[in-house]
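So the structure is just underneath, and the comments pick up after that.
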Amino acid sequence: MARRMLWRRRRWVAAAVAILLTAYIGSYAALYRRGIVDADRFGCSGFFYVPLDKIALGDGSLKIGPLTRRHQFLERFYAPLNRMHRAWFGGRSPYLFPQEEEVPAGWVHAIIDPAIW
């Protein structure tokens with residue numbers, strides 16, 4: 001009886017892990033695909049986990065705020081999956097912000113092509 005309950009519990013744990021893993025990979029795939037489309041549209045070398053048109057200003061610079069912080073959080077959250085994606089399938093890297101709070105405007109202009117604006 002105890003072995004039967006242990007087996008049943010293991011099955012539930014395995015199902016829960018499979019569901020969480022599927023959600024993790026699926027959400028990464030959706031954000032990656034949308035980010036690549038935005039990056040190609042705006043001429044960026046790296047992609048963003050948040051919509052680029054919500055954080056980009058008209059002069060090609062980026063608005064530092066909650067959405068850029070969300071991108072930084074998601075970049076760390078999906079880093080293991082992104083590393084595997086790049087190594088095994090040739091995926092692209094997310095855009096990495098410098099460590100300072102403010103991004104120098106000239107540096108950002110090199111990332112986002114102002115001619116597109």
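The values are calculated or read from the model by the stated rules, or taken from the named source; none is laboratory data. As the structure is a prediction and not an experimental result, all values here were calculated from the model. Cβ coordinates were reconstructed from backbone atoms using ideal geometry, including for glycine residues, and neighbour counts include every protein chain displayed.
Structural remarks
- Considering the stretch 77-93, the residues that are at negative phi and in a loop (DSSP other than H, G, I, E, B) include one that is surrounded by the fewest Cβ atoms within 10 Å (Cβ to Cβ), namely S93.
- Scan of the stretch 39-53 for residues that are of a type outside the set (K, R), at pLDDT 80 or above and surrounded by fewer than 19 Cβ atoms within 10 Å (Cβ to Cβ), ordered by number: D40, G46, P51
- Test result for Y49, within 22 Å of Y78 (Cα to Cα), in contact (Cβ under 8 Å) with a residue 12 or more places away in the chain, in a helix (DSSP H, G or I) and in contact with a helix residue (DSSP H, G or I) (Cβ under 9 Å, 6 or more places away or on another chain): no
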